[in-house]
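One structure is given here, and the rest of the page talks about it.
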Amino acid sequence: NGARQQVFVLVGGTGDLAMRMLWPSLAMLDQEGFLSDNLRIISVAREDCGTEVCVDRIGNAVTSRFGEWTTPEALSRFRKRIVHVALDAAHDDWGSKLKAELGDPDTLDIVFFLSVSPSLFKPICEHIEKAGLNKAPNRVIIEKPIGRDLATSKVINDSVAHAFAEDRTFRIDHYLGKETVQNLIALRFGNMVFEPLWNSQSIDHIQITIAETVGVADRLGYYDEYGAIRDMLQNHLLQLLCLLAMEPPSALTSDALRDEKVKVLRSLKAITAENVLTNTARGQYGPGFADGHPVAGYEAEKGSPSNTETFVAIKAEIANWRWAGTPIYMRTGKCLPSRTTEIVIQFKPLPHSIFGPEAQANRLLIRLQPEEDISLTLMNKAPGLTSEGVHLQPLDLSLSLIKAFDDSKDGKPPRRRIAYERLILDALNGNNAQFVRRDEVEAAWTWVDGIIKAWHDKDMKPQKYPAGTFGPVSAFSLIERDNGRMWND
Ligand code: NAD
């Protein structure tokens, strides 16, 4: 689309997500030379604040995030690209007014980012379509939540699909924009040493944890309708699982990758009323201490009783030739003791140890937070002389990823990229490999809906856990029943 002028239309440009993530991402892409010289950026929102005020707010948002790395020249060039247009999705002239601002659509290559409530996707896509702004090559980026179950996700996807074909619908899961997550594909399919062992013969189990120290704070209204399984597990946790468990794709193309991911989701063994009690744990934080503060508890914050879980742990199994019999322990929650996102690939013990019990099984730790790092624990001879033969000690072989972030110059500390930077750049380039295809969303909901139904059938309410702990006792039992433990609890 080189002949067309690129336009990035950020709908919801004055919102929280836009200010914290999207504008700083765009500004850094610009500073690093990734945006074409003639790219225009249109901020669209209900607020009639005018371009000048809006751009000042954007400038502040960028400097508060990346002040140390921005230069006044780059920021000033970035600000000049932006125009703010006040448009209310409830008004019929939304599309015509935007079109008047944009100019002749046949000369443009437009990327819409809908950073608004999903309830606005339908009216906004209708406005876009009515104004004729939906035609190829134009595309749309949408954010979660894509529904709260399979049925509502279909309604949302249908309303977007009316205006934009599937290959021009970019569903963001920002976990897919993280360096380490992308590196998973490189690690698995760019090396010979892992793939032959990457199966139930050599791997004992997999652990995936996404732990947050914060509570729900001002998102309570939204969160109470969703809970941890819908807010985090249906999307982020399952996306990580897909990349870990998928078969080697035939190529690095978007459909080849996503074909393999969706097969993982479809192979997840159903959790039903018969097995839900032994394979899942639901928790809700009560009073305690988390994130450096006393916490009153979820229900106290809400001011009324609630059956929403703020913690979920699941023992899953992928029923296919590679993975049958390998448990996958996933957990996520709020008000937990540490902010960690990590994946543990726990290898099986040696078939026979000539060193006795000192020989521990190998472990591959893939950490996304607080630092991005990949390390492999190997057994090594404890150095030096002993009078009783050879002793072993575990040694961590670390692929420190800090260099991946080190694009700083002039002695500044390395800048941590926002995952949205890569994803926005991919969307501008029309590359949807790291975006979630509709059938993935639907396969994930199908599995999650089954769990929620089983909870309902068994009347399985969330158990209280003190804020600042790793969930209710039932969560630990999932792995302890298999004689294991979460590796760093
Ligand atoms: P927000 O309420 O802060 O901002 C909403 C934006 O939508 C504002 O710019 C507002 O002007 C615009 N808007 C609202 N009603 C409108 C209307 N009738 N017509 C035109 N514009 C209208 O919301 P947010 O927190 O930025 O979230 C945006 C979306 O991203 C939501 O779907 C949210 O669930 C999702 N999301 C947010 C976060 C986050 O960290 N904030 C994280 C993940 C997903």
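The values are calculated or read from the model by the stated rules, or taken from the named source; none is laboratory data. Predicted model, so just to flag it, every value in this text is computed and none were measured. Counting neighbours? That spans all protein chains shown, and the Cβs are built from the backbone with ideal geometry, glycine included.
Could you please let me know if residue 147 is in contact with a Gly (Cβ under 9 Å, 6 or more places away or on another chain) and within 16 Å of the ligand (Cβ to nearest atom)? So that I can check it myself, show each step before the final result.
On the way: in contact with a Gly (Cβ under 9 Å, 6 or more places away or on another chain): no; within 16 Å of the ligand (Cβ to nearest atom): yes.
When the stated conditions are applied, residue 147 does not pass them.
Assessment of segment 127-140 against the conditions (within 16 Å of the ligand (Cβ to nearest atom) and closer than 22 Å to residue 254 by Cα) yields at least one matching residue.
Could you check residue 140 against (1) without any contact (Cβ under 8 Å) to a residue 60 or more places away in the chain; (2) over 21 Å from residue 18 (Cβ atoms) and say which number it fails? If we test residue 140 against (1) without any contact (Cβ under 8 Å) to a residue 60 or more places away in the chain; (2) over 21 Å from residue 18 (Cβ atoms), just (2) comes out false.
Per-residue answers, yes or no, for (1) at positive phi; (2) buried (at least 22 other Cβ atoms within 10 Å of the Cβ); (3) part of a strand (DSSP E or B):
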residue	(1), (2), (3)
313	no, yes, yes
336	no, yes, no
364	no, no, yes
383	no, no, no
389	yes, no, no
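Scanning segment 41-55 for residues that are charged (D, E, K, R) and either farther than 22 Å from residue 88 by Cβ or touching a Leu at 6+ places or on another chain (Cβ under 8 Å) (or both) gives a single hit, 46.
Which of the following residues is out of contact with any strand residue (DSSP E or B) (no Cβ under 9 Å at 6 or more places or on another chain) and touching a residue at least 12 places away in the same chain (Cβ under 8 Å): 312, 276, 295? Break it down stepwise before answering.
Working: 312 fails: out of contact with any strand residue (DSSP E or B) (no Cβ under 9 Å at 6 or more places or on another chain); 295 fails: out of contact with any strand residue (DSSP E or B) (no Cβ under 9 Å at 6 or more places or on another chain).
Of 312, 276, 295, the one residue that is out of contact with any strand residue (DSSP E or B) (no Cβ under 9 Å at 6 or more places or on another chain) and touching a residue at least 12 places away in the same chain (Cβ under 8 Å) is 276.
For residue 115, the conditions (1) away from the ligand (no atom under 16 Å from the Cβ); (2) closer than 18 Å to residue 14 by Cα; (3) of a type in the set (Ser, Thr, Tyr) are fulfilled apart from (1). Of all the listed residues (422, 417), the sole one being within 20 Å of the chain's Cα centre (by Cα), at pLDDT 95 or above and buried (at least 16 other Cβ atoms within 10 Å of the Cβ) is 422.
Going residue by residue through segment 47-57, is there one that turns out to be without any contact (Cβ under 8 Å) to a residue 24 or more places away in the chain, of a type in the set (Asp, Glu) and surrounded by fewer than 13 Cβ atoms within 10 Å (Cβ to Cβ)? Taking every residue of segment 47-57 in turn, at least one turns out to be without any contact (Cβ under 8 Å) to a residue 24 or more places away in the chain, of a type in the set (Asp, Glu) and surrounded by fewer than 13 Cβ atoms within 10 Å (Cβ to Cβ).
Here is a yes/no grid of residues against (1) among the polar types (S, T, N, Q); (2) more than 21 Å from the chain's Cα centre (by Cα); (3) not in a loop (DSSP other than H, G, I, E, B):
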{"position": "284", "(1), (2), (3)": "yes, yes, yes"}
{"position": "289", "(1), (2), (3)": "no, yes, yes"}
{"position": "306", "(1), (2), (3)": "yes, yes, no"}
{"position": "323", "(1), (2), (3)": "no, yes, no"}
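Could you go through segment 362-379 and let me know if any residue there is in the same structural domain as residue 289 (by TED's automatic domain parsing), at pLDDT 90 or above and of a type in the set (Gly, Ala, Ser). Scanning segment 362-379 turns up at least one residue that is in the same structural domain as residue 289 (by TED's automatic domain parsing), at pLDDT 90 or above and of a type in the set (Gly, Ala, Ser).
Looking only at segment 169-191, decide whether some residue is over 29 Å from residue 417 (Cα atoms), free of Cβ contacts under 8 Å to residues at least 60 places away in the same chain and either more than 16 Å from the ligand (Cβ to nearest atom) or in contact with a helix residue (DSSP H, G or I) (Cβ under 9 Å, 6 or more places away or on another chain) (or both). If you could, list the steps in order and put the result at the bottom.
Looking only at segment 169-191, we keep the residues that are over 29 Å from residue 417 (Cα atoms), and these are none.
Taking every residue of segment 169-191 in turn, none turns out to be over 29 Å from residue 417 (Cα atoms), free of Cβ contacts under 8 Å to residues at least 60 places away in the same chain and either more than 16 Å from the ligand (Cβ to nearest atom) or in contact with a helix residue (DSSP H, G or I) (Cβ under 9 Å, 6 or more places away or on another chain) (or both).
Residue pairs whose Cβ atoms lie under 7 Å apart, sitting 6 or more positions apart in sequence or on different chains, and linking a residue in segment 13-38 that is among the hydroxyl-bearing types (Ser, Thr, Tyr) to a partner that is away from the ligand (no atom under 16 Å from the Cβ) and not in a loop (DSSP other than H, G, I, E, B), are 36/6.
Could you check, for segment 153-163, whether at least one of its residues is under 18 Å from residue 431 (Cα atoms) and either within 15 Å of the ligand (Cβ to nearest atom) or touching a His at 6+ places or on another chain (Cβ under 7 Å) (or both)? Checked segment 153-163: no residue is under 18 Å from residue 431 (Cα atoms) and either within 15 Å of the ligand (Cβ to nearest atom) or touching a His at 6+ places or on another chain (Cβ under 7 Å) (or both). Evaluation of residue 240 against the conditions (1) surrounded by 19 or more Cβ atoms within 10 Å (Cβ to Cβ); (2) within 16 Å of the ligand (Cβ to nearest atom); (3) in a helix (DSSP H, G or I) shows that the sole unmet condition is (2).
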